[in-house]
Amino acid sequence: MLALTVEPAQIVVGILVGAVAFLLVWFLLGSAARQKQDRERAQRMRAVIQPGQQQGAGAVNPQSGGWIPDNVTKFGTRFAESRGFSERLDAELEAAGVSLRSGEFVVASALAALVFGVILGVLGLVGSFGILRGERWGSILTIAVRGIDGVLSVFGVLFAESASLRALAILSVVGAAVVIYLLLRRDAAPAATAG
């Protein structure tokens, strides 16, 4: 029978990572929703106070999402237009009922990738520290992080636009596989000699 043991440190790390991810999403999306509600409330108040002047005084910039600065949104819009998917993405977002424009979506996607990368990097450092101390949880955490990295790098192998990006993705997949293999071999070696 396989006995599954979970170290208290793994539980704490899992809870902390989940809490940080939840709070980050809550703060980012919650503030945008609050600012949108505030703008709508202000627009309704202006309509009640000055019904004839609502259009001129209460115009809201359709590019502004609230939590992303306008110059960053404009950069995301320019990027989407230069790649040729801005209009299609705007149409799909509007059809889905999402109140984001293509520039905001591009910036939010890049921000999410950055945050996810930082979280994986921190977890990788924690796992490396555990391996350095000879803890089993360090090996498990590092295998999980490198597994996620390797699986996500497969998309780079399949869909990269240039040969250099494809080569980097291949190196990442191979590196993840080598690290996982060495860690599994290292963990299996003491068990084989002990039995």
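Values quoted throughout were computed directly from the atomic coordinates according to the rules given, and no laboratory measurement underlies them. Computed from a predicted model, the values in this text were never measured in an experiment. Positions of Cβ are generated from backbone atoms using ideal geometry, with glycine treated the same way; all protein chains shown enter the neighbour counts.
Here are some notes:
- Candidates 98, 72, 126 - the one that is farther than 30 Å from residue 181 by Cα and either of a type in the set (D, E, K, R) or surrounded by 15 or more Cβ atoms within 10 Å (Cβ to Cβ) (or both): 72
- Candidate set: region 129-163, residues that are of a type in the set (Asp, Glu) and surrounded by 13 or more Cβ atoms within 10 Å (Cβ to Cβ); chosen: the one nearest to residue 181 (Cα to Cα): 149
- Every test in (1) surrounded by fewer than 18 Cβ atoms within 10 Å (Cβ to Cβ); (2) β-branched (Val, Ile, Thr); (3) touching a helix residue (DSSP H, G or I) at 6+ places or on another chain (Cβ under 6 Å) is passed by residue 118 save one, and that test is (3).
- Filtered residue count, region 78-122, keeping only those that are in a helix (DSSP H, G or I), over 21 Å from residue 26 (Cβ atoms) and of a type outside the set (S, T, N, Q): 17
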